[in-house]
Each structure stands twice: as structure tokens, then as C-alpha cells.
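The values are calculated or read from the model by the stated rules, or taken from the named source; none is laboratory data. Not measured: the values here are computed from a predicted model. Heads up, the Cβs are rebuilt from the backbone with ideal geometry, glycines too, and the neighbour counts pull from every protein chain shown.
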Amino acid sequence: MERIGRHRFITRMALGGALVSSGIPALDSILTDGFPDRSSVLVLGQSGIGKEALGYWFTHSGLLQGDYCLYVTHRPVNDVMRDMKAFGVPTDKVPEWIASAGSPTKCDLEDFTSISFNLKQAVLKNADRRIRIVTDVVSPLLVLNPQPTMYQYWSRLLGELKQSDCVILATAEEGMHSESTIASLEQQFDGVIELSLQVEGISITPLLRVKKMLGLAPLHGFFRFSVSNKGMEVAPYVD
Amino acid sequence: MSIDLWQPLDVALILFALGVFAFSSLRAFEASRVLVSRAHRSRALGVLVLGILTIPFEVAVLVYYFGPSGLTTEYLLSAAFAIAFNIVAFFFLNGTIMVAQAMDFFHRDTFRWGKTNTFLLGLLMVSIAGTLFSPVDGILFNVVWIGIFGYGAIVLVATGLRVRDRAMRTHMKWIGLFAVVLSVSFLYRASPYPLLLGFAVGSIVYYRATVSLLITGQVTRAAGN
């Protein structure tokens, strides 16, 4: 196991890029030290399962390290901040916002070009720093616009953002899209983390799986996870 | 009431409904444990409270119908649970509509529910007071309850259709149907059978509403460890 881990680590270092902490130590150890630099990661799962928690901890970790963090959301800033507190994420340092309300730059779902414009502007202004972007607008935009348009939109936007020292973490609602839409969405991202629920008799277990990650050999297996106001725990799951 | 409680059909319906409500409440508890977002957890907890309240309410109503007639204690007990159930059901319905509006990308106030809900709560309270203290037949007040919950159910289903999340949309449809089933079953009071049937059907609808909150799967060997 240790040898496999070392092999993975060496393989990833051979890619030449630095690794960016997810903010969750247990997830970092699964990913052999974090997300690859200049990459895009998609977190998939049903609504309410806790996808946002990954985004919150990722942002928090970036703020602690002095990275430029941008949170792009279709929700008001107050709602996100309340959620962060409920998940035990310290809010003494906050990211820059592009939100539906409560931020200087508005997130208008009916104008997806303005979202990409504002995103690129923010990245351009902070090109000298490492950048972390978290967004939950993938699903709403995909629902409100034709799929081919969105496919091109995300493909181009992610490509442009990755020209900078930037890691993008996006969340998507599994229950909003068809299987083919999910599959095409997964193709566009360098990494995919899936959160799901498993029925075991009368109890239900939340599971995490790394479906793919740039620079890592395919990871088989599920991990049990829990989100509480003390943070996010990830542990191996024995079937 | 002269109907014999111990007819096999009565007993089967009662046990079925109680069993389904109890199992669904357990599922709702599990849902509240694993769903972490405020909207989902609050819905799961709401379903749990409603389910837990329905069980003694059902028992109290059945005792009232089937027990020796004229007992003030039985009447008061069933009335107390009916009142508690209606108040909790209204707050739950209102909360679910609010969550639906929040989950609508454009946060639309369907049929102006946000502006009328306080008035409807007042109307519900007046009708509850009327049931207890007015000399007018309580059935008139039941019609008011049905009007309130019927309107709430329509608003909920309409708002739910604007929610793009499959789990929440399905949950809202079932909760709307649950409100309708229980309200209608209270209308016919000459016999307890519509009520018994209402509880049985309501329990199935309630179960569907609970499990719809969760999209569960099975870990496959290919994807698993």
C-alpha cells in the first residue's frame, strides 16, 4: 500500500506541477497530497449531501496559505456564509465573491457571458498569485441553457483559466441532469469526485469516490465520509 | 360509533398504516443524519416530526371513533392531536414551500404564498378555535382546513415544478399529495372508514415523500473495493 502511494506520488511529481491541498487532510492523503495544480475538479452528488463542504474547506485552506480565492455562486453571500459556519469552517477570512446578492460583482444566471468575463477579469488581476476558484453555477447554467452551448462554454472557460496558476473546484447536482449530460460533464474536468448514499439495511451511509484525477492512476474503492460542524471526515469503507 | 374495531380489515389497515409511518419516520431520521444542507436536513426533520406526531394522532382518533361513545377525555385527546397535527402540518407545508422558492433559481413567489401565509395561519387558528368553542358544526371548519391545505398543496406542487433538483421536486409532489389525502379523509365523518383508508393511503404517500429525499444506490463490485 505504501509502495503504491510512493509510486503515485513520484508519478505525480513527475508531472512537474505542485499539488494544492484540498483543505481536508484525509482527502489529501487519498489524493497523495492534494489536487494537481492548473486543474479543474468536479464534485458530483445529489443535492444536500455536502458537496459544498469540499468547496468551503478548499477555499479556507487557500485563504490560510495566502492564495487568491474566488467563490462564484448562484446563492446570496449570506446564505453561503451561514452554511460555512454550520460546517465549522472559520469565516474570519473570506474569499472574493461573485454571488446572486451581497457581492459587488453579481452572478447573473441569465447572462453566462458576464460570469465568464468577471471570472477571467479577477484571474487576470491576480495573475501573480496562486488562484483557487470554487463554483456551484455549473448545474444551473446547464439547466437553463442548451447542452452543446454549455459544453463549449465550460470547455473554453476551463482551458483559459488553467493558463494561470489556478485550480477550479466545481460542484454539480446529480439529480438535475441525465446520465449522458453527467458523462459529458465529467469529460471536461481533470478530476471527478463522486458523493453518493449507500443503503445498508435500515441505515444509510454517505460514500466518497475519486472517479478520476489528473496524474493519478485510477482509484478503485469507496470512502465513508461525514460532514459536521467539526469538519469533514473521510475514512476507508469496507464493503 | 357502532363499528367493531376488531374486524380483520380494520385491524389490518391500522397496523399497516402504523407500521409504514414508523418505518418512514426511521428513514426520515436517517435522511436528517446524512443530508447536511440546511434545506434538506430541515425537510427531513420536518417529515420526522410529522410522522412521529401522526402515530399518536392516529391512535387518538381511532380511540375516539371506536371507543365507548361520549367520553370527554377521548374527544379532548383526539382534538388536541388534531390541532397539534394541523399546526405542525401547516408550518411544515409553509417551510417546504419556502425551501422550494429558495431552490428555484429565480426565487419566484408562486401564487403569492409569501404574502398570504400569515393570513392563512391566522385563518387556521380561528378555525381551530371555532372547532372547539363554536356551536356551529365542526365540519364547516374542516372545510376551511381543507381549503388552506388544498391551496398549500397546489402552491407546493407548482413551486416544486420550478425546482430543477429531481429529489426535491419529487419530494414536494408527494408532500402536496399527503396534505390532500389527509385533508380529504377528514371531510367525511359519518364513518371512520374513509379516515382509516386515508391513514393507510396517507402512510404510503408519506413513505414515498420520505424516501424521495434520498437518491440511494448500491456499491457495485466493479466500482467498489
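Taking B:I146 as the residue in question, decide whether it is in a helix (DSSP H, G or I) and modelled with pLDDT under 90.
Yes, satisfied.
Looking at A:S22, A:S29, which one is touching a Gly at 6+ places or on another chain (Cβ under 8 Å) and at pLDDT 90 or above?
After ruling out the rest, the residue left standing is A:S22.
Look at the stretch B:70-114 and say how many of its residues are polar (S, T, N, Q), surrounded by 15 or more Cβ atoms within 10 Å (Cβ to Cβ) and more than 14 Å from the chain's Cα centre (by Cα).
Residues meeting the conditions: 3.
Residues in the stretch A:210-220: is at least one more than 10 Å from chain B (Cβ to nearest Cβ) and more than 19 Å from the chain's Cα centre (by Cα)?
Looking through the stretch A:210-220, at least one residue is more than 10 Å from chain B (Cβ to nearest Cβ) and more than 19 Å from the chain's Cα centre (by Cα).
Being among the hydroxyl-bearing types (S, T, Y) and within 14 Å of chain A (Cβ to nearest Cβ) is the filter here, so list the residues in the stretch B:3-55 that pass it.
Answer for the stretch B:3-55, where residues must be among the hydroxyl-bearing types (S, T, Y) and within 14 Å of chain A (Cβ to nearest Cβ): B:S24, B:S25, B:S32, B:S37, B:S42.
Restrict the check to the stretch A:66-84 and report whether at least one residue is among the hydrophobic types (A, V, I, L, M, F, W, C), more than 30 Å from A:A183 (Cβ to Cβ) and touching a Pro at 6+ places or on another chain (Cβ under 9 Å).
Yes: one or more hits.
Name the single residue that is modelled with the lowest pLDDT among those in the stretch B:186-225 being farther than 23 Å from B:A158 by Cβ, hydroxyl-bearing (S, T, Y) and in a helix (DSSP H, G or I).
B:Y193
In the stretch A:76-135, what residues are hydroxyl-bearing (S, T, Y) and more than 20 Å from A:G50 (Cβ to Cβ)?
Listed by number, the residues that qualify are A:S100, A:S103, A:T105, A:T113, A:S114, A:S116.
For residues that are within 14 Å of chain B (Cβ to nearest Cβ) and among the aromatic types (F, W, Y), scanning just the stretch A:67-116, find the one that is nearest to A:T149 (Cα to Cα).
The residue in question is A:F112.
Restrict the check to the stretch B:101-108 and report whether at least one residue is at pLDDT 85 or above and either in contact with a Cys (Cβ under 7 Å, 6 or more places away or on another chain) or over 30 Å from A:C107 (Cα atoms) (or both).
no
Quick grid of which residues meet (1) surrounded by fewer than 19 Cβ atoms within 10 Å (Cβ to Cβ); (2) touching a helix residue (DSSP H, G or I) at 6+ places or on another chain (Cβ under 9 Å); (3) under 22 Å from A:W57 (Cα atoms); (4) more than 14 Å from chain B (Cβ to nearest Cβ):
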{"residue": "A:T149", "(1), (2), (3), (4)": "yes, yes, no, yes"}
{"residue": "A:S155", "(1), (2), (3), (4)": "yes, yes, no, yes"}
{"residue": "A:D165", "(1), (2), (3), (4)": "no, no, yes, yes"}
{"residue": "A:S203", "(1), (2), (3), (4)": "yes, yes, no, no"}
{"residue": "A:R224", "(1), (2), (3), (4)": "yes, no, yes, no"}
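For A:A170, indicate whether it is within 24 Å of A:T59 (Cα to Cα) and either within 14 Å of chain B (Cβ to nearest Cβ) or free of Cβ contacts under 8 Å to residues at least 12 places away in the same chain (or both).
So A:A170 does not fit the description; no.
Return yes when A:E194 is more than 8 Å from every other protein chain (Cβ to nearest Cβ), surrounded by fewer than 17 Cβ atoms within 10 Å (Cβ to Cβ) and either farther than 29 Å from B:L161 by Cα or out of contact with any His (no Cβ under 6 Å at 6 or more places or on another chain) (or both) and no when it is not.
Against the criterion (more than 8 Å from every other protein chain (Cβ to nearest Cβ), surrounded by fewer than 17 Cβ atoms within 10 Å (Cβ to Cβ) and either farther than 29 Å from B:L161 by Cα or out of contact with any His (no Cβ under 6 Å at 6 or more places or on another chain) (or both)), A:E194 does not qualify.
For B:S183, work out the one condition from (1) surrounded by fewer than 21 Cβ atoms within 10 Å (Cβ to Cβ); (2) at pLDDT below 90; (3) touching a helix residue (DSSP H, G or I) at 6+ places or on another chain (Cβ under 8 Å) it doesn't fulfil.
So the condition that B:S183 fails would be (1).
Pick out the one residue from B:F85, B:F119, B:F91 that is assigned to a helix (DSSP H, G or I) and either in contact with a Cys (Cβ under 7 Å, 6 or more places away or on another chain) or at pLDDT below 90 (or both).
None of the others qualify; the one that does is B:F85.
Within the set of pairs 6+ apart or on separate chains, which have a first residue in the stretch B:150-171 that is within 13 Å of chain A (Cβ to nearest Cβ), a second that is in a loop (DSSP other than H, G, I, E, B) and among the small types (G, A, S), and C-beta atoms under 7 Å apart?
Filtered contacts from the stretch B:150-171: B:D165/A:S47; B:A167/A:S47; B:A167/B:S212; B:M168/A:S47; B:T170/B:S212; B:H171/B:S212.
State which residue is farthest from A:T73 (Cα to Cα) when the search covers only the stretch A:110-126 and only residues that are without any contact (Cβ under 8 Å) to a residue 12 or more places away in the chain and of a type in the set (D, E, K, R).
Top of the filtered list is A:K125.
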